[in-house]
Every structure is written in structure tokens, then in C-alpha cells.
1. Over 19 Å apart: what share of the alpha carbon pairs of segment 1-53 falls there, rounded to a whole percent?
2. Which of the peptides 223-231, 94-102, 162-170, 180-188 is most tightly packed, and how do the rest follow, going by the mean number of other Cβ atoms within 10 Å of each residue?
3. Using the Karplus equation 6.51 cos²θ - 1.76 cosθ + 1.60 (θ = phi - 60°), what ³J(HN,Hα) coupling, rounded to whole Hz, does each residue of segment 128-138 give in order, writing x for Gly and Pro?
Amino acid sequence: MPLAVWLAVRVYTVLVRPYPPAFRHQYGRQFVQVFRAICQTAYQRGGRRGLVAFWPPLLGDLVSTLVAEHAACMREALTRGGTMNGWRGDVVVGLALGGLLAVIIVLTNVVFPELTDDHSAVPLAYGVLFLVFAAVGFCAEGRGHRLRSAARAGAVVALVILGLAMLTFIVVDNLFLDIVSRQPEKIAGFQTSGYTSMRDYVNAGLLRGLLLALPMGTLLGALYGLLGGLAYRCSVRLRFQH
């Protein structure tokens, strides 16, 4: 097996770990086998570029499936009176999705830096995150019947996910600066920034992210969690009307 294919399969094996245990036990091995076959075919047809080409849609599918499966598990736990309650459950969801996002950041910035040239997946990533915050708020409203709980759940999940993402960027951008500094947007921004070194420019951007993006993202998480809670209330009213 070519090294690039072996590495891609190993990375994919890590990416499927955040799935719920029951789902991973039933489908995980099949997913990896299918992925290995796809990788080998893509490599035979296009080499390393062939491998890189299908990662953006694959990552989008992984995230959307992960969100759907965890939402299903949470609904099942609520139905059975499970223990996935309170802020601890929200932290667990945030850690699982934040860990997946951290892996994606490493993939797109270090392992397959060519993916950073394709910005088509960025709106999808934001859309998935907002959907996650709303889904968490939906489930929180279902177990607590308080909109305040829905907003808090969205904020907690957003804070954990974005915090892990920022920590990953800090590590990646400093340990792999020679790779990160080749990104076109980094080069263009550095040339007009007034900074004397790429490291200073990158770390200034990371600091702005910590001071601005993290609190703003947490507020957005609370907002979308609140919308998810309102959606739950609407769904309950519709069920009673029918």
C-alpha cells in the first residue's frame, strides 16, 4: 500500500472515533474498508492529487453524519431518561466535535495544505457549526423545558469547540510555521500588515481570534441554542395540535 494511502486511512480511522460507540461498532470497520478502497482507486488514477481532491466533501459528510448520530443518541437518552443531562453532557459533545475539528485543522494546514486553497467548504463548515449549536439547544430544551438552558447549552458547546480549535491553530501555526506561511492568504496579509516577521503576524491574528472570535462565537452559540430551544417548543405545539 502506498504511504500516502496508508496515511490517509490512518487519519480516517481517527476521524471515525468520535462517532457514538454503538454506531462505530456496527459500521466503523465497514467505513474504513470502503474508504481504503476509494483511496487506492483515487491514488491509482491521480496520485497524491487524486487523494486530496475528495477530502473536502468527505469532511463535510463526516461532520454532518457525526452531528446526526450524536443527536439521535441524545434523543434516545432523553426518551429513556438517560444521564446525558446538564452542562457535563454539553461539554462532552463539545469535546467530541472540537476534537474532530482539531483533526480537520491539522489535515488541512499540515498534512494536505493544498486543501487550504479551496474555500468552498468554509460556508459549509460554518453552517454545520450553527446547526450543531441549534441541535444542542433543541435537546436541552427537551430535557429542561427552559429557554435559558437551551441558550446555555449552545454557548457551552460553542466555547469548547472554538476553544479547542483556537488551541489547535496556536500549536499548528507555531510548530509548522514553515508550512502555514506558504498559504496565499497568509502571504498577502503579511505583506500589508507592517509586521517584520511571519511569526509575529500569525500570533497577532491568533490573539485577535482569542479576544474577538472566541467570545463572539460563544454568543452565537447561545443565540443558535436559543433558536433550537424555540424550535423544540414549536415542534411540541405542532404535535399537540395534531
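A short reminder: the numbers here are calculations on the coordinates, not readings from a lab. Everything quoted here is computed from the prediction, not taken from an experiment. Reconstructed Cβ throughout: ideal geometry from the backbone, glycine too, with neighbour counts over all protein chains shown.
1. Summing the P(r) of segment 1-53 above 19 Å gives 29 percent of all pairs.
2. Ranked from most to least packed, the peptides come out as 223-231, 94-102, 162-170, 180-188.
3. Result, ordered by residue: 5, 4, 5, 5, 4, 4, 5, 5, 5, x, 4 Hz.
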